[in-house]
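The values are calculated or read from the model by the stated rules, or taken from the named source; none is laboratory data. Please read all numbers here as calculations on a predicted model, not as lab measurements. Glycine gets a Cβ as well: all are built from the backbone with ideal geometry, and neighbour counts include every protein chain shown.
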Amino acid sequence: MNRPLLSRRSSLWRDLTSPAAVADAIVGLYARRGSADYDEILSQTEHALQCGRLASEAGASEELVVASFLHDVGHLLMSEQPAPVEDRHHEDVGARFLSNWFPATVTTPVRLHVAAKRYLCAIDPAYAAGLSAGSTRSLAVQGGPMSDAEVVTFEAVPGSKDAVDVRRWDDRAKVPGAPTPDLAAFRDRMAAMLNTAR
């Protein structure tokens with residue numbers, strides 16, 4: 001098993017050895033850092049819970065439900081650092097971190113969910129027009145809509161369709177006060193998945 005990719009000062013993540021411990025620690029990260037604002041109108045935790053719920057309601061695989069819940073975990077990881085960290089590819093930070101325990105069916109949609117936004121903006125003008133103000137601002141930083149060549153390359157990447165699904169749930173998971181399962185429910189889903197993967 002690879003060692004988790006976090007600062008060397010944090011032995012907590014390196015010492016996790018059981019599915020329950022991993023799930024508890026990730027939920028603890030949301031409990032500590034998830035109250036930070038997401039976009040304009042809700043917290044990181046509210047957004048994560050809504051995204052996971054939408055995936056579940058759509059009948060997505062268990063891996064895709066967990067990926068939807070965890071897709072922005074990179075933001076929380078960077079906020080744990082001793083000095084502020086500019087968001088440079090939170091999707092890569094999150095995916096690399098999760099790869100210490102989770103399969104590619106979870107980490108690939110996390111890694112590609114930003115690229116999926118760029119992809120959808122390139123192929124669907126109505127999607128681009130419907131982005132929230134925060135997503136529109138971040139799109140410019142993330143490279144804007146894909147070129148035609150980038151679209152072709154993205155479509156050929158294994159897992160890109162799952163990333164597009166996560167992206168669509170991501171964009172809908174911005175409703176203040178929407179009902180969701182609690183963190184404990186996703187803790188149990190993560191632990192069960194990790195137990196199965198052992």
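The combined condition, being touching a His at 6+ places or on another chain (Cβ under 6 Å), of a type outside the set (A, V, I, L, M) and at pLDDT 95 or above, is fulfilled by R167. From the list A128, A156, the one residue that fits, being more than 30 Å from A197 (Cβ to Cβ) and more than 19 Å from the chain's Cα centre (by Cα), is A128. Scoring L70 on the criteria (1) more than 16 Å from R187 (Cβ to Cβ); (2) modelled with pLDDT of 95 or more; (3) not aromatic (F, W, Y) leaves a single failure, condition (1). Within region 26-78, how many residues are in a loop (DSSP other than H, G, I, E, B) and out of contact with any strand residue (DSSP E or B) (no Cβ under 9 Å at 6 or more places or on another chain)? Residues in region 26-78 being in a loop (DSSP other than H, G, I, E, B) and out of contact with any strand residue (DSSP E or B) (no Cβ under 9 Å at 6 or more places or on another chain): 8 in total.
Matching residues to (1) touching a helix residue (DSSP H, G or I) at 6+ places or on another chain (Cβ under 8 Å); (2) of a type outside the set (K, R); (3) closer than 24 Å to V175 by Cβ:
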{"site": "A67", "(1), (2), (3)": "yes, yes, yes"}
{"site": "S99", "(1), (2), (3)": "yes, yes, no"}
{"site": "F102", "(1), (2), (3)": "yes, yes, no"}
{"site": "V106", "(1), (2), (3)": "yes, yes, no"}
{"site": "R111", "(1), (2), (3)": "yes, no, no"}
{"site": "L120", "(1), (2), (3)": "yes, yes, yes"}
{"site": "A128", "(1), (2), (3)": "yes, yes, yes"}
{"site": "S135", "(1), (2), (3)": "yes, yes, yes"}
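Within region 17-32, if we keep just the residues that are of a type outside the set (K, R) and free of Cβ contacts under 8 Å to residues at least 60 places away in the same chain, the residue that is surrounded by the most Cβ atoms within 10 Å (Cβ to Cβ) turns out to be L29. For region 76-100, the candidate set comprises residues that are surrounded by fewer than 22 Cβ atoms within 10 Å (Cβ to Cβ) and among the hydrophobic types (A, V, I, L, M, F, W, C); within that set, the residue that is modelled with the highest pLDDT is M78. Inside region 30-55, can you point out the residues that are modelled with pLDDT under 90, within 15 Å of H71 (Cα to Cα) and acidic (D, E)? If the condition is that a residue be modelled with pLDDT under 90, within 15 Å of H71 (Cα to Cα) and acidic (D, E), then D39 is the only one that fits. Output the residues belonging to region 33-69 that are without any contact (Cβ under 8 Å) to a residue 24 or more places away in the chain and surrounded by fewer than 16 Cβ atoms within 10 Å (Cβ to Cβ). Result: S35, D37, E57, G59. Residues of region 114-144 that are touching a residue at least 60 places away in the same chain (Cβ under 8 Å) and either in contact with a Lys or Arg (Cβ under 8 Å, 6 or more places away or on another chain) or in a loop (DSSP other than H, G, I, E, B) (or both): S132, S135. R96: touching a residue at least 60 places away in the same chain (Cβ under 8 Å), under 19 Å from V65 (Cα atoms) and assigned to a helix (DSSP H, G or I), yes or no? Yes.
I'd like the residue in region 99-126 that is in contact with a Gly (Cβ under 7 Å, 6 or more places away or on another chain) and of a type outside the set (A, V, I, L, M) and, out of all such residues, is nearest to L70 (Cα to Cα). Checked region 99-126; the qualifying residue nearest to L70 (Cα to Cα) is P109.
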